[in-house]
Every structure is written in structure tokens, then in C-alpha cells.
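J.: Before I ask anything, here is the structure I am working with.
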Amino acid sequence: MTRLQGKTALVTGAAMGIGHAVAERFVAEGARVVLADRNGPAVGDAAASLGPLARAVTMDISDETAVAAAFAEVESAGWTPDVVVANAGVQLFGEDAPAADLDLDVWRRTIDINLTGTFLTVKYAVRALLSRGGGSIILTGSPTAVNGEGWAFTAYSASKAGVHGLGRTVAAAYADRSIRVNTVQPAYTETPLVSAISDDPESRAAIVSRIPVGRAGTPADVTGIMVYLASDEGSFATGATFSVDGGMTTL
């Protein structure tokens, strides 16, 4: 398992869930990996658990100063990434709502992290990758960006639609500079982010019933396509969306 040998990756939202699973898989594939998260102690523990090929950096993706400082920190340490996974995000269960009932503050907090935070990560990722002569940026999207599945989560669904559009735009802008940008679209994946669903048997059963393969996703389900897009095997893939959703978006 050395498909990422010689590469350095930075993964946001890496203290837990999909981000941590991706970081763990990248290390197993031979990459050096910077785990980034706004929870400094948690991401430090997560990086320590992965051994010497991993290091941690505290980064609040919604704060440009913090994003710039985090990239400067890893670059000064000789860990300039040539792969960046912009995975960090929030879904504000109990606060997000259909449009007529949605508080502006909830909208803004969601957009600030999921869309503005992804943009800021991409902005500094592009600068880092240009210094390396190119590389791969991978965004984490959602089926709610392309269908009505997230009708009760207006802010989250809109933010993820923006992430999909951002990926296509940046891919087109930098394809001639050897920078690839793709979006991975997981369906319902059981992580701490969605504990409001997974801890409620009725809610969990309802959403799993809408996944054609008949089960919830796991973080490990997402790591294979991430490795492909990070590796040289994915060198001709850019501006695309890759669904890992158990068939949910076929309905």
C-alpha cells in the first residue's frame, strides 16, 4: 500500500470522522499527512495515533488569518502539501430548517464554515500546490447539493451546492497549472457529525431506507476514492464529482 509514497497531504476536519479516516488511509498508503482541525487537543491526539508520518495543526477554516498561519506553519516545517482534502464542515441539527423558519444566524454560521471555510482552504491550497508544481485538491460534497434530500436543512444544502460549484470553478481556473480539483459526494455516513440521526433509531431507519444498497455509509467507504484522486492514478480527473452514496442520488 504505497500509492501515495512521496506525497504530503493536508486534511481538514481530521480529528474525527471522515477526515480522520482519510488521514489514516493516506498514512497507510505512504503519505506524510498534516491533520488540521479547530480542536487543537483532539487533532493532536489524532495525529499522534498515526505515528511519525503524521503531524497536527490547529486551523479554524472560517478564519482567514488562522488558515494562512496554518499553511505557513506546515510549509516552514517542510510539510508543504501537494494534496489537500477540504473536508471540514458542520451540519447544525436542531437549528437548520426550511427557509421560512431558518434564522439568519444559523445560515451565516453554516455558510461561514462549509462554504467560506472551504474557499479559504482552497485559496491557500492552490498557492501551496503552485509552489510544488501542481497537485490535487479534494472537496467533500453532499447529495443535498444536487437533489431535494436535504429539504429540511436549507443552510447545509445550499452550502454544499456552493462547494460543488467552487470545485468546478477552481478546477477550470488551474487545470493548465497541473492542479486538479474534484468533489467526493458521500451519502449519509455515520460519524459524530450526524449523531442526531444515528442515535435516533427511527430517524436512522428512515434515512437508511432511502439508500438503495440498504445500509449507512462508513468513513472507510470514502477513503478509497480519496486515495485515487490524491494519487497519480487520478491525474486525468478534474472538475468532477464522485458519488460514494450507496446509490442515493440515483433516486
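J.: Stretched out fully, how many nm does the piece from Ala69 to Thr250 gain, at 0.36 nm a residue minus the Cα gap? Can you show the working numbers first?
T.: Numbers: separation 181, 0.36 × 181 = 65.16 nm, distance 4.13 nm.
Contour length minus Cα-Cα distance gives 61.0 nm.
J.: Let me ask something else. Under a Cβ-only charge scheme (Lys and Arg +1, Asp and Glu -1), can you give me the dipole magnitude of the chain about the Cα centre, in debye to the nearest 20? Display every interim value, and only then the final one.
T.: Values: 18 positive and 26 negative charges, 170 e Å.
The calculation lands at about 820 debye.
J.: Separate question: Which of Tyr174, Gln185, Gly117 sits farthest toward the positive end of the charge dipole of the range 93-200, with +1 on the Cβ of Lys and Arg and -1 on the Cβ of Asp and Glu?
T.: Highest projection toward the positive end goes to Tyr174.
J.: Tyr124: net charge of surrounding residues, Cβ under 15 Å, Lys/Arg +1, Asp/Glu -1, itself excluded?
T.: Around Tyr124, the surrounding residues sum to -3.
J.: If you restrict to DSSP beta bridges whose two residues both lie in the chain, what percentage is antiparallel, to the nearest 5?
T.: Numbers: 0 of 28 bridges.
Looking only at bridges with both residues in the chain, the antiparallel portion is about 0 percent.
J.: For helix 117-131, what angle does its Cα long axis make with the longest principal axis of the chain, in degrees from 0 to 90 and rounded to 10?
T.: Once rounded, the angle reads 20 degrees.
J.: Give the long-range amide H neighbours of Val90: residues separated by 5 or more places, or on another chain, with amide H under 5 Å away, using H modelled in the peptide plane at 1.01 Å from N.
T.: Hits under the 5 Å cutoff: Asn114.
J.: A further question on this structure: When the helix-only estimate is applied to the chain (DSSP H runs of n ≥ 4, each -39,500 (n - 2.57), divided by the residue count), what is the mean residue ellipticity at 222 nm, nearest 500 deg cm²/dmol?
T.: -12500 deg cm²/dmol
J.: Then there's this: Please get the size of the charge dipole for the range 23-167, origin at its Cα centre, with Cβ charges of +1 on Lys and Arg and -1 on Asp and Glu, quoted in debye to the nearest 20.
T.: Charge dipole, the range 23-167, about its Cα centre: 520 debye, nearest 20.
J.: Take Ser142, Ser178, Ser209 and order them by how many other Cβ atoms sit within 10 Å, fewest up front. Mind showing how you got there, number by number?
T.: On the way: Ser142 29, Ser178 15, Ser209 9.
Neighbour counts put them in this order, fewest first: Ser209, Ser178, Ser142.
J.: To the nearest 10 degrees, how steeply does helix 154-174 sit against the main Cα axis of the chain, on a 0 to 90 scale?
T.: 30
J.: Then there's this: Along the positive direction of the dipole of the chain (beta-carbon charges: Lys, Arg +1; Asp, Glu -1; about the Cα centre), which of Pro212, Ser243, Pro81 reaches farthest?
T.: Sorting the options by dipole projection puts first Pro81.
J.: Considering amide H positions built from the backbone, and no H for Pro or chain starts, which residues 5 or more places from Ile137, or on another chain, come under 5 Å of its amide H?
T.: Close amide H contacts, sequence-distant or interchain: Val84, Arg180, Val181, Asn182.
J.: In debye, nearest 20, what is the charge dipole magnitude of the range 52-120 about its Cα centre with +1 on Lys and Arg Cβ and -1 on Asp and Glu Cβ, if you could check?
T.: So the dipole magnitude of the range 52-120 works out to roughly 240 debye.
Throughout, read-outs are computed from the coordinates displayed, never taken from laboratory work. In this text the structure is predicted, and so the values were computed from the model without any measurement. FYI the Cβ positions are ideal-geometry reconstructions off the backbone, even for glycines, and counts take in every protein chain you see.
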